[in-house]
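The values are calculated or read from the model by the stated rules, or taken from the named source; none is laboratory data. Treat the numbers as computed from the prediction; the structure is a model and nothing was measured. Here the Cβ is made from the backbone with ideal geometry for all residues, glycine too, and neighbour counts use every protein chain on show. Note: accessible area is taken over every heavy atom of the protein model, side chains too, but ligands, DNA and RNA are not part of it. Shrake-Rupley method; radii C 1.70, N 1.55, O 1.52, S 1.80 Å.
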Amino acid sequence: MVMRWADAETGRVSHLSRQIRLNLWVYAALTVMGLIRVHFAWPQGRQWAMIPLGLALLILVGSHLLNWEELTRRSWMRTAVVASYWAAMLAHLLFCLPDPDPELMFPVGAVMITVAAATTIGSRLGISLGVGALVAYVPLVLVQPELDLPLSTSIAAVIGGVAGLCVLTANNRRHHLNQRRAAERRTVALMENGSDAVLAIGDHQVRYASTSTGRILGRDAATLSVEDLADMTHPDEAERVSEWLEGLRTKGQGATGVLESRTRHKDGTWMDVEVTATNHLDDPDIQAIILSVRDVSTQKALRAELTRQAFEDAVTGLPNRVLLIDRIITAVRRHARTSGRVSLLLIDLDDFKKINDTRGHMAGDDFLRTVAQRMAKVVRPSDTLARLGGDEFAVFVEELDDIGLHTLAERLLAEIKTPVRLGTSDLIGTASIGIATLKSTQDADLDAAHELMRDADLAMYAAKAGGRDRIAVFDPSMYTAAVQEAEGRTDLERGLAANEFVVNYQPIVDLPSGKLVGVEALARWQHPERGLVAPDAFIAQAERTGLIVALGAHILRVACFEVARWQRDIPGAENVRVSINLSARQFQEKDLVDTVRSALTDSGINPGLVVLEITESLLMQDVDATVVTLHELRDLGVRIAIDDFGTGYSSLSYLRRFPIDILKIDKAFIDGITIDSDDATLAEAVVGLGKALRLSTVAEGIEHIDQQSMLSDLGVTYGQGYLFAKPGTADEIAEMVREHYGPDYD
């Protein structure tokens, strides 16, 4: 049977039993006082009264041996105690009647009985006994032959005052007891509805267990024992829990600790609990270690799930980038001490976007999962296959030489190229793989891990640039090229911000007459260190980085404003047109039409004098979208020209489909037109095609007079090239326009 802290009922019983024993001593004291009084004050003829008084004293002393804790639990005990006070008061009154000085003896005993009753039972009984004592005292005094009224009155007042004081004291004590019981009930209610089970363990016994123990741990709080707690603890953690509790004991009063453990619920399931313990063994009121036990199974499961999500890819279930980096760092530090090597294979699926665009993202996820499962079969158990995001995967390997790395990469490519069944069709994928190795001599830190990722990434992009579906191994020159690319991009961004890009113009002339009819806007970079930079040195990089969009918009606006100024300021030049190139990247921008409209509106130029030049390859990237965009541009009033015609698809079907106004014959055909019959034939065919489709033709790169003559004879409408003028600044070309449209020009 476990020992418990006293509850409210136990406290009541204990208090009553102690008061009964105290009352027995009060009665014994009164009896002794009676014996003394009889012996010294009563006449010789009444000395026999000492016999019953002596027997009463023996009975009172012997009554202390009774089990009053058990007796006071009886339902009739309270009534018996109340009756004993009245009986004591009556016996005391009867004893005082024959006493020579009853007016003095009776008040002493009455006050003692009244005080005992008030403190034991309560204020009501104290009042009743006090009133009864006063009522009995009046006739007792009146029957005396010599009445000392002042003394008797004072004694009566004392009886009443003492009785009243006892009543007030008892009432205050009862009020305090009620408050304490209310606090206990509130504490019990809080314990019951709290999220913790509270236990007190002392002397290898459960001294207290909150009622919430049953709800949280599935155990009966009334019968829970230390042995039960030991049986509930998981066997793998029993020793650790025991050592933890022993440590709290040795640390002394006030020591606190927190421990996570597993305990078995009554239904047999294991639950995770967090135990907070405080040592109160040296506290005389507690003498126990207080345990607060909380079920944290849900929180722990949530933490585990969050951890899994933090380190696991949601689509494939593979480790993600965070976990991969962590494993790389750990391995790099280990191999830095053992002179080993670590390698990374970065895998990027080729054209995966098409699967998402044509089949939907669910099909794309299915494809990724299938490919991931196949690659997982190829890698070694010690390797880490991870998904970095999108269509990028990585394989981190340790202690594999160059031949082994290349073999692994080839096996991965073979698995990726195995057809994947999606719905009713098979999809065959390819990938580009970059391989990088980190030597043991490199610094073993986070930067080294990121360098390995960077090098593998550079190698992967080299594989893509080499034609895709291939493997590339990192070479330091790749990093040098990447640095140069980054520096070039930074320089381009700075140049755009500083307005260093200017527009040069190359005249376009009417071939038969040689008169200037328009200009082509050409971008130039007025670099503060390199001087005037030709477009070949920066256009390709601007295309790769996307800066061509901002650069193209700048060239468009500058050209429109400057040519519009010529048209206003130079008499006769009202119809000079300007041709402006659009890059493929610009054409992909959704706001291209708005950009062109803004330049036309703000500059005030006649839209019909603006020619937007595009390449054949651009037309074929997304035919349907291109047709829509071209029509929207044509609706603005501008004209459309195909630049470098003949070097691309040269399909009559798309020429009829697209809203085109001008064909520009590439310089490659012009160079050999006077010496190569094939070039002449091709030029003649292009001119004939243009006439059939009612399109104007412009020949590029004319450098000799015989080329002009032949092209004019073939029917080419316009031409441009060094024969007429090299590209010049806006002021230089404006002067040429003045010359062509001045009064002296023939």
Q. Out of all the residues in the stretch 520-573, which are open to solvent by 30 Å² or more (accessible area, probe 1.4 Å) and among the small types (Gly, Ala, Ser)?
A. Ala534, Ala537, Ala540, Ala550, Gly572
Q. When the stretch 368-400 is examined, which residues are found to be touching a Lys or Arg at 6+ places or on another chain (Cβ under 7 Å), surrounded by fewer than 22 Cβ atoms within 10 Å (Cβ to Cβ) and farther than 19 Å from Asp351 by Cα?
A. Val378, Thr384, Glu399
Q. In the stretch 337-351, is there at least one residue being hydrophobic (A, V, I, L, M, F, W, C), surrounded by 12 or more Cβ atoms within 10 Å (Cβ to Cβ) and part of a helix (DSSP H, G or I)?
A. no
Q: For the stretch 66-129, please list each of the helices (runs of 4 or more DSSP H) lying entirely inside it that holds at least 1 residues being in contact with a Cys (Cβ under 8 Å, 6 or more places away or on another chain) and within 26 Å of Arg46 (Cα to Cα).
A: 102-120
Q: Give the residue, chosen from Ala310, Ala336, that is within 18 Å of the chain's Cα centre (by Cα), of a type in the set (A, V, I, L, M) and modelled with pLDDT under 85.
A: Ala310
Q | One residue from Arg303, Arg327 being farther than 30 Å from Thr211 by Cα and of a type in the set (Lys, Arg) | A | Arg327
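Determine, yes or no, whether Glu243 is within 21 Å of Gln299 (Cα to Cα) and either at pLDDT 85 or above or in contact with a Lys or Arg (Cβ under 9 Å, 6 or more places away or on another chain) (or both).
When the stated conditions are applied, Glu243 does not pass them.
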Q.
Within the stretch 222-253, take every residue that is assigned to a helix (DSSP H, G or I) and of a type in the set (S, T, N, Q) and give me the one that is most open to solvent (accessible area, probe 1.4 Å).
A. Thr250
**Q.** Candidates Leu224, Leu302, filtered to the one that is modelled with pLDDT under 85 and either closer than 30 Å to Asp391 by Cβ or within 32 Å of the chain's Cα centre (by Cα) (or both)
**A.** Leu302
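Let's see how each residue does on (1) within 30 Å of Arg387 (Cβ to Cβ); (2) in a strand (DSSP E or B); (3) at pLDDT 90 or above:
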position: Ala463; (1), (2), (3): yes, no, yes
position: Tyr479; (1), (2), (3): yes, no, no
position: Glu485; (1), (2), (3): yes, no, no
position: Gly488; (1), (2), (3): no, no, no
position: Pro507; (1), (2), (3): no, yes, yes
Q: Could you list, in sequence order, all residues of the stretch 20-54 that are open to solvent by 30 Å² or more (accessible area, probe 1.4 Å) and assigned to a loop (DSSP other than H, G, I, E, B)?
A: Pro43
(Q) I'd like to know if the stretch 590-599 contains one or more residues that are surrounded by 15 or more Cβ atoms within 10 Å (Cβ to Cβ) and at pLDDT below 85. (A) no
Q. Is there a residue in the stretch 92-111 that is of a type in the set (Val, Ile, Thr), crowded, with 18+ Cβ neighbours inside 10 Å and under 30 Å from Gln287 (Cα atoms)?
A. no
Q: Could you tell me whether Asp457 is part of a loop (DSSP other than H, G, I, E, B) and either open to solvent by 40 Å² or more (accessible area, probe 1.4 Å) or touching a Lys or Arg at 6+ places or on another chain (Cβ under 8 Å) (or both)?
A: no
Q | Test: Val623 is hydrophobic (A, V, I, L, M, F, W, C) and open to solvent by 20 Å² or more (accessible area, probe 1.4 Å) | A | yes
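Here is a yes/no grid of residues against (1) in contact (Cβ under 8 Å) with a residue 12 or more places away in the chain; (2) within 13 Å of Thr430 (Cα to Cα); (3) touching a helix residue (DSSP H, G or I) at 6+ places or on another chain (Cβ under 7 Å):
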residue: Leu344; (1), (2), (3): yes, no, yes
residue: Asp348; (1), (2), (3): yes, yes, yes
residue: Phe367; (1), (2), (3): yes, yes, yes
residue: Ala376; (1), (2), (3): yes, no, no
residue: Ser382; (1), (2), (3): yes, no, no
residue: Ala386; (1), (2), (3): yes, no, yes
residue: Glu392; (1), (2), (3): yes, yes, no
Q | Members of the stretch 599-616 that are in contact (Cβ under 8 Å) with a residue 40 or more places away in the chain and among the small types (Gly, Ala, Ser) | A | Ala599, Ser603, Gly604
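Hey, among Arg411, Arg369, Arg374, which residue is in contact with a strand residue (DSSP E or B) (Cβ under 9 Å, 6 or more places away or on another chain), basic (Lys, Arg) and either within 26 Å of Phe474 (Cα to Cα) or at pLDDT below 95 (or both)?
Arg374
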Q. Does any residue of the stretch 257-264 turn out to be surrounded by 12 or more Cβ atoms within 10 Å (Cβ to Cβ), closer than 12 Å to Ala197 by Cβ and modelled with pLDDT under 85?
A. no
Q) Exactly one of (1) small (Gly, Ala, Ser); (2) modelled with pLDDT of 85 or more; (3) not in a loop (DSSP other than H, G, I, E, B) is unmet by Gly317. Its number? A) (3)
Q) For the stretch 482-519, which residues satisfy the criterion of being touching a Ser or Thr at 6+ places or on another chain (Cβ under 9 Å), farther than 27 Å from Ile570 by Cα and open to solvent by 50 Å² or more (accessible area, probe 1.4 Å)? A) Glu485, Arg489, Glu493
Q. Mind checking whether some residue in the stretch 726-745 is touching a Ser or Thr at 6+ places or on another chain (Cβ under 7 Å), among the charged types (D, E, K, R) and surrounded by fewer than 17 Cβ atoms within 10 Å (Cβ to Cβ)?
A. no
Q. Identify, please: which residue in the stretch 74-91 is surrounded by fewer than 21 Cβ atoms within 10 Å (Cβ to Cβ) and touching a residue at least 60 places away in the same chain (Cβ under 8 Å) and is, among those, farthest from His175 (Cα to Cα)?
A. Ser84
Q | Candidate set: the stretch 490-505, residues that are in a loop (DSSP other than H, G, I, E, B) and touching a helix residue (DSSP H, G or I) at 6+ places or on another chain (Cβ under 9 Å); chosen: the one farthest from Gln720 (Cα to Cα) | A | Asn499
Q: Give Thr674, Thr697, Thr681 a once-over and let me know the one that is polar (S, T, N, Q) and either in contact (Cβ under 8 Å) with a residue 40 or more places away in the chain or crowded, with 21+ Cβ neighbours inside 10 Å (or both).
A: Thr697
Q. Which strands (runs of 3 or more DSSP E) does the stretch 633-739 wholly contain that include 1 or more residues that are of a type outside the set (S, T, N, Q) and under 58 Å from the mean Cα position of the chain (by Cα)?
A. 639-645, 662-665
